[in-house]
Amino acid sequence: TDSDWIHISPILEPAKSASSGKPQSSAPAPTSSASRSEPAAKPPKLKQLKKRNRYSISEVDMPVLIGGQTKLLLPEQVMDLTRNLPRRVVGCQWRLAFSTAQHGFSLQSLYRHTSSEDGPYLLVVRDTNEHVFGCLSSCTLHVSDQFEGTGESFLFTFHSCNPFKMFKWTGENYFFVKGDLRSIAFGSGEGHFGLWLDGDLYHGSSRRCKTFDNDVLSSDVDFTCKDVEVWGFS
């Protein structure tokens, strides 16, 4: 009878019989198929939860490049960057806004070709040792009195030992990007810039900074630019 059962959630245990001291049978009474509850929904598989971080080239579309072709990035490098762009530009075309091959080695020329539209902008550098690296700036590249940008910004590098390495915002400060007529800097802290280029887009440097806690992006701390490209999104 019902009084012979003690309910301990989530399982049922049989009560002992007063006469024999032996537990009564714990076999549940049969139920009709009409009264059976629907099976619980299966939890999402782990690989489904991780899917956003495990893309392959076949799972992400190659972006359409307009305004010119990149001379600095291989197709697989374009895909590495595409997977890590801010959501607001996912699926957008890549528009070549500036390149030293087309517009010359001039920071002021870079500003002229990127200041008319809002960011983000992807700046890619190749040094004379053939290392490729750069940054994603969440805002327009222009002359400013103070650092600008948001946590969407990041630094990146492509090394032979590590094909793609990305350095996201640490939250330590808000020194994302600052430009003047003589130079432009991305990331800062304790007097060091994550990436710095001079007004001629010729000399540059890269050091660990608090904004991104990055490795040195280039082949050496101080480097010489061979090519620079800046890509917008539309």
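The values are calculated or read from the model by the stated rules, or taken from the named source; none is laboratory data. Only a predicted model underlies this, so the values are computations on that prediction, with no experimental measurement involved. Glycine gets a Cβ as well: all are built from the backbone with ideal geometry, and neighbour counts include every protein chain shown. Heavy atoms of the whole protein, side chains included, go into the accessibility calculation; ligands, DNA and RNA do not. Shrake-Rupley method; radii C 1.70, N 1.55, O 1.52, S 1.80 Å.
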*Read through the list (1) assigned to a strand (DSSP E or B); (2) under 20 Å from Tyr111 (Cα atoms), then give the number of the only condition that Asp145 fails.*
(1)
*Filter segment 131-142 for residues that are within 18 Å of the chain's Cα centre (by Cα) and either modelled with pLDDT under 95 or part of a loop (DSSP other than H, G, I, E, B) (or both); which is surrounded by the most Cβ atoms within 10 Å (Cβ to Cβ)?*
Ser138
*If you scan segment 98-109, which residues turn out to be outside any strand (DSSP E or B) and either open to solvent by less than 30 Å² (accessible area, probe 1.4 Å) or in contact (Cβ under 8 Å) with a residue 24 or more places away in the chain (or both)?*
Thr100, Ala101, Gln102, Gly104, Phe105, Ser106, Leu107, Gln108, Ser109
*Candidates Arg112, Arg126 - the one that is open to solvent by 30 Å² or more (accessible area, probe 1.4 Å) and either in a helix (DSSP H, G or I) or hydrophobic (A, V, I, L, M, F, W, C) (or both)*: Arg112
_I want to confirm something. Restricting to segment 175-199 and keeping residues that are of a type outside the set (Gly, Ala, Ser) and surrounded by fewer than 15 Cβ atoms within 10 Å (Cβ to Cβ), which single residue is nearest to Gly119 (Cα to Cα)?_
Asp180
*Which number in (1) modelled with pLDDT of 95 or more; (2) surrounded by fewer than 23 Cβ atoms within 10 Å (Cβ to Cβ) marks the one condition that Cys161 misses?*
(1)
*Checking Gly119 against (1) under 21 Å from Ser206 (Cα atoms); (2) in contact (Cβ under 8 Å) with a residue 24 or more places away in the chain; (3) of a type in the set (Gly, Ala, Ser); (4) part of a loop (DSSP other than H, G, I, E, B), which single condition isn't satisfied?*
(1)
_Restricting segment 200-228 to residues that are among the aliphatic types (A, V, I, L, M) and open to solvent by less than 30 Å² (accessible area, probe 1.4 Å), the residue that is farthest from the chain's Cα centre (by Cα)_ = Leu201
*Identify all residues within segment 65-78 that are surrounded by 15 or more Cβ atoms within 10 Å (Cβ to Cβ) and either touching an Asp or Glu at 6+ places or on another chain (Cβ under 9 Å) or of a type in the set (Asp, Glu) (or both); write none if there are none.*
Gly68, Thr70, Leu72, Leu73
*asked:* Would you confirm, using the coordinates I've provided, whether Leu181 is in contact with a Gly (Cβ under 7 Å, 6 or more places away or on another chain), assigned to a strand (DSSP E or B) and aliphatic (A, V, I, L, M)?
replied: no
*Return yes when Leu136 is among the hydrophobic types (A, V, I, L, M, F, W, C) and more than 17 Å from Asp215 (Cα to Cα) and no when it is not.*
no
